[in-house]
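Notes follow the structure.
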Ligand SMILES: Cc1cc2nc3c(=O)[nH]c(=O)nc-3n(C[C@H](O)[C@H](O)[C@H](O)COP(=O)(O)O)c2cc1C
């Protein structure tokens, strides 16, 4: 076993440390978050710290870095209370990754990275047209995490859009059939393969 302690981690170069620590918490549910602010400019950014909060009501959370580092998505969500999450397939990974660049707030990132935008009635936030699984959320809470200046943004799922219907009989969504990619660290993207599903565990 290799032991790596807190002081060793603190001594590392910041990029090495970021790559290592970001890999540690595992493969992530990577999505593109679509928003539009009061200024009317569509914004798109890639996020992978996304977490299921509950199914009734259906809620999802994500972690936003400090506002100085990632200002646009969270500001737009505060302004409109709406946002979309869009799964990524292998054909759009490079464009999706490019949304992490620090574009000025005045830039339409759909245009900048070359992804087609999709608007739906009753939703102020844009979707990614080519995304195999898209869903619309309304804001519940923005919870500051004082320890490091990040935010937990929680929202209610309003509508879900599936490019094809691969739902299993019990509602399970086999994401690999949508070619939905997963991510590791801050720049690794992976395809997935199901190993097994198991029955509900009882004592
Ligand atoms: C694979 C990947 C995952 C990312 N995940 C997050 C995340 O979960 N939270 C976050 O705040 N930023 C994350 N980022 C960085 C944002 O994409 C980046 O800061 C982006 O510019 C935010 O844009 P905004 O100012 O439009 O919100 C990630 C970047 C990459 C490449």
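Under the condition of being closer than 15 Å to residue 186 by Cα and in contact (Cβ under 8 Å) with a residue 24 or more places away in the chain, which residue from the range 46-61 is farthest from the ligand (Cβ to nearest atom)?
50
Under 8 Å between Cβ atoms, at least 6 apart or on separate chains: pull out the pairs that start in the range 182-203 with a residue that is in contact (Cβ under 8 Å) with a residue 60 or more places away in the chain and end on any residue that is assigned to a loop (DSSP other than H, G, I, E, B) and away from the ligand (no atom under 16 Å from the Cβ).
The qualifying pairs are 191/179.
Which residue out of 152, 118, 173 is closer than 21 Å to residue 39 by Cβ, in contact with a strand residue (DSSP E or B) (Cβ under 9 Å, 6 or more places away or on another chain) and modelled with pLDDT of 95 or more?
Values: 152 fails: closer than 21 Å to residue 39 by Cβ; 173 fails: closer than 21 Å to residue 39 by Cβ.
That would be 118, the only listed residue that is closer than 21 Å to residue 39 by Cβ, in contact with a strand residue (DSSP E or B) (Cβ under 9 Å, 6 or more places away or on another chain) and modelled with pLDDT of 95 or more.
Which condition from (1) more than 8 Å from the ligand (Cβ to nearest atom); (2) over 16 Å from the mean Cα position of the chain (by Cα); (3) surrounded by fewer than 16 Cβ atoms within 10 Å (Cβ to Cβ) is the one that residue 102 breaks?
Of the numbered conditions (1) more than 8 Å from the ligand (Cβ to nearest atom); (2) over 16 Å from the mean Cα position of the chain (by Cα); (3) surrounded by fewer than 16 Cβ atoms within 10 Å (Cβ to Cβ), the odd one out for residue 102 is (1).
The values are calculated or read from the model by the stated rules, or taken from the named source; none is laboratory data. Keep in mind it's a predicted model, so treat the numbers as computed, not measured. Glycine gets a Cβ as well: all are built from the backbone with ideal geometry, and neighbour counts include every protein chain shown.
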